[in-house]
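**Student:** Here it is: the structure, laid out below.
Only the coordinates and a few stated rules stand behind these numbers; no lab work does. Note that the structure is a prediction, hence the values are computed from the model and not measured. As a convention, Cβ positions derive from the backbone with ideal geometry for all residues, glycine included, and neighbour counts pool all protein chains shown.
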């Protein structure tokens with residue numbers, strides 16, 4: 001077998017190993033190790049992507065060389081490789097851009113543990129993307145849940161602990177349902193590998209007495225995964241969970257973890273139930289309705305939020321609604337739109353969560369809107385990145401948000417059902433308007449001049465040093481270092497993560513490069529959406545057995 | 001209907017256990033009771049799995065006396081799945097208990113709603 005066929009397994013096993021290794025390294029070493037390791041992984045995954053594109057087929061990797069109905073398999077196609085690459089790039093950028101806040105929020109002796117968790121999370125994400133076995137999916141689902149809880153509670157204020165507990169309870173409900181669904185499917189089909197499972201399901205679905213049982217099973221799996229990813233009635237944990245976490249954690253949870261669950265759900269639909277069987281079930285219509293409700297409710301709640309992070313988190317609820325709307329529309333176009341939006345939202349939301357803490361930092365550590373007045377002028381780079389990504393969220397052309405909305409519109413028209421077209425178009429129109437209301441309002445606010453200039457400045461300085469009692473001088477010192485170096489940010493494009501020498505007394509601040517990568521990816525998705533759509537089509541084509 | 005339930009009494013019991021655990025995890029306000037609910041829920045699933053793997057009158061698939069025919073043995077895969085599931089469940093319980101300890105130390109109560117109210121009054125108003 002070709003050597004490249006081993007790479008998907010490497011990404012999982014080496015990540016697990018790195019998790020253990022970071023446990024033993026010192027904080028800074030662990031960070032750089034993680035960064036270079038992620039770059040290495042990206043190379044591996046890109047070569048898998050190139051290989052599958054080149055050969056035009058997917059490949060399965062039997063673990064331990066047991067033949068198909070037994071054993072455990074990894075499967076790699078274009079879609080999996082694309083998702084894995086996108087996940088890794090976003091993960092790397094989030095870690096780099098948020099590294100300073102990890103150092104601030106965590107005890108010095110515990111920083112390496114954070115990177116340990118990040119590596120374990122990488123392993124779980126990769127396993128969920130590559131796996132061809134439902135029970136392996138369950139195990140890594142739980143590992144992903146545990147690591148995401150871990151990255152939440154590293155910031156030891158009461159609210160994060162409470163948010164983590166609520167997050168975990170919801171996730172455990174979801175995992176329990178998912179496990180029950182997997183067990184039911186195993187009971188019905190006698191297999192755990194997706195390919196033999198699909199054959200058994202196709203046979204069973206011809207029996208009209210068994211079809212309802214299959215539908216219930218699909219429903220249980222869907223509810224489980226939609227609870228975990230935060231679909232409409234289950235999105236209430238989002239503001240607290242994302243709002244109080246360390247920026248990197250918020251970015252990882254909102255952009256990657258929830259997407260991994262949705263990707264697993266898509267995989268189950270496509271590879272376990274199969275395209276035709278799932279089209280016959282009413283599950284998707286429920287998802288369409290819930291998705292549309294999520295879009296509207298999430299956006300409305302975001303308008304009434306008084307805290308920047310809560311607003312961004314609630315807009316996440318709306319965006320998850322979009323993805324489920326795409327799945328609900330069904331058909332090739334619907335799934336393509338959902339997958340495209342997964343990528344677009346992952347890029348945009350992680351970038352937004354990485355700008356908000358910097359905006360709050362220059363406004364006295366507060367995320368309340370009234371204190372954020374003029375923060376975009378104080379931290380120009382964060383303000384610019386926030387604006388660009390906010391525009392993408394609204395769906396302005398050139399940015400990814402526009403392309404994905406276009407995809408949803410096309411998918412709705414392609415469904416040839418008047419009800420669906422009307423529902424989706426109305427949802428798109430209303431939500432774009434609502435998005436515009438809260439994102440433009442925020443953008444205007446961060447660029448508005450503070451009302452009473454001197455008074456505001458005092459306010460901005462005082463709480464910052466006060467909130468810093470535990471770690472004297474660290475916070476403010478770090479910030480000034482960041483402000484001194486290259487405020488315009490245009491020369492920073494050449495900054496190579498490896499090439500910057502650390503100046504004694506200054507904390508290296510990798511902000512611009514990863515943010516430029518995220519925003520660049522966003523614009524790429526906006527301008528050259530056909531490339532990604534083409535890749536997704538090829539990948540989905542390989543999905544059906 | 002009733003006969004079906006009686007024939008599949010293990011499965012019926014498993015689903016009832018799952019329901020009890022699920023509602024406990026969802027509606028109990030006490031964190032410890034929530035965790036107990038979670039464990040009941042998982043036990044329900046494990047009972048379901050284990051009962052599926054067991055076939056009346058057969059033995060565990062350990063070859064003794066040279067009997068090699070699969071007709072004499074039960075299906076060992078569900079048992080393996082149950083073991084994996086138990087490991088997952090134990091680790092999740094451990095991390096949730098540690099979080100509960102942390103919350104209790106901070107808010108001196110196990111009532112999740114009360115903790116929520118208390119956290120709203122927290123002064124750190126970022």
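**Student:** Send over the per residue convex hull volume for the stretch B:51-126, Cα only, as a whole number of Å³.
**Tutor:** Details: hull volume 11.6 nm³, N = 76.
Measuring per residue, one finds 152 Å³ for the Cα hull of the stretch B:51-126.
**Student:** Can you quote the Å³ per residue value for the convex hull of the Cα atoms in the stretch A:181-285, rounded to an integer? Walk me through the numbers before you get to the answer.
**Tutor:** Details: hull volume 10.4 nm³, N = 105.
In the stretch A:181-285, the Cα convex hull volume per residue is 99 Å³.
**Student:** Please compute the modelled spin-label separation between residue A:425 and residue B:59, points set 7 Å along Cα→Cβ, answer in nm with one decimal.
**Tutor:** Distance between label points: 7.2 nm.
**Student:** Report, to one decimal in Å, the Kirkwood hydrodynamic radius for the stretch A:108-236 based on all distinct Cα pairs.
**Tutor:** 16.2 Å
**Student:** Please report the relative contact order for chain A, taking Cα pairs under 8 Å with a sequence separation of at least 6, and give it as a percent rounded to a whole number.
**Tutor:** Values: 857 pairs, mean separation 82.1, N = 545.
Averaging sequence separation for qualifying contacts and normalising by length gives 15 percent for chain A.
**Student:** Now, a different point. What's the percent breakdown of Cα-Cα distances in the stretch A:225-378 across 5 Å bins, shortest bin first?
**Tutor:** Taking every Cα pair in the stretch A:225-378, the percentages come to 2, 10, 19, 21, 17, 12, 8, 5, 3, 2, 1, 0.
**Student:** What's the exposure ranking of A:279, B:11, A:65, going from fewest to most Cβ atoms within 10 Å?
**Tutor:** A:65, A:279, B:11
**Student:** Please work out the Cα convex hull volume for the stretch A:1-127 and give it in Å³ per residue.
**Tutor:** Convex hull volume per residue, Cα atoms: 100 Å³.
**Student:** Here is a follow-up. Chain A: percent of C-alpha pairs farther apart than 36 Å? Intermediate values should be presented prior to the final figure.
**Tutor:** Working: 43300 of 148240 pairs.
Result for the distance tail: 29 percent.
**Student:** Semi-axes, largest first, in whole Å: what does sqrt of 5 times each Cα gyration tensor eigenvalue give for the stretch A:309-400?
**Tutor:** Details: eigenvalues 180, 33, 14 Å².
Semi-axes from the Cα gyration tensor: 30, 13, 9 Å.
**Student:** Next question, about the same structure. Please give the helix A:134-153 orientation as an angle from the longest Cα principal axis of chain A, in degrees from 0 to 90, rounded to the nearest 10.
**Tutor:** Around 10 degrees separate the two axes.
**Student:** Restricting attention to the alpha-carbon atoms of the stretch B:5-116, what are Rg (one decimal) and Dmax (integer), both in Å?
**Tutor:** 19.0, 63
**Student:** Please compute the contact order of the stretch B:14-74 in relative form: average sequence separation of alpha-carbon pairs under 8 Å and at least six residues apart, divided by the residue count, as a percent. Spell out each step's value before the answer.
**Tutor:** Numbers: 65 pairs, mean separation 18.6, N = 61.
About 30 percent, as a whole number.
**Student:** Most exposed first by the Cβ proxy, i.e. fewest other Cβ within 10 Å, how do A:115, A:186, A:447 rank? Mind dumping the intermediate values first?
**Tutor:** On the way: A:115 28, A:186 21, A:447 15.
With the fewest neighbours first, A:115, A:186, A:447 line up as A:447, A:186, A:115.
**Student:** Let me ask another. Could you list A:101, A:408, A:87 so that the one with the fewest beta carbons within 10 Å of its beta carbon is first and the one with the most is last? Each step should come with its number before you reach the end.
**Tutor:** Working: A:101 20, A:408 26, A:87 29.
With the sparsest Cβ surroundings first, the list reads A:101, A:408, A:87.
**Student:** Express the Stokes-Einstein translational diffusion coefficient of the stretch A:261-304 in µm² s⁻¹, to the nearest whole number, given a Kirkwood radius over alpha-carbon pairs, 25 °C and a viscosity of 0.890 mPa s.
**Tutor:** Details: Rh = 11.9 Å.
Result for D is 206 µm²/s.
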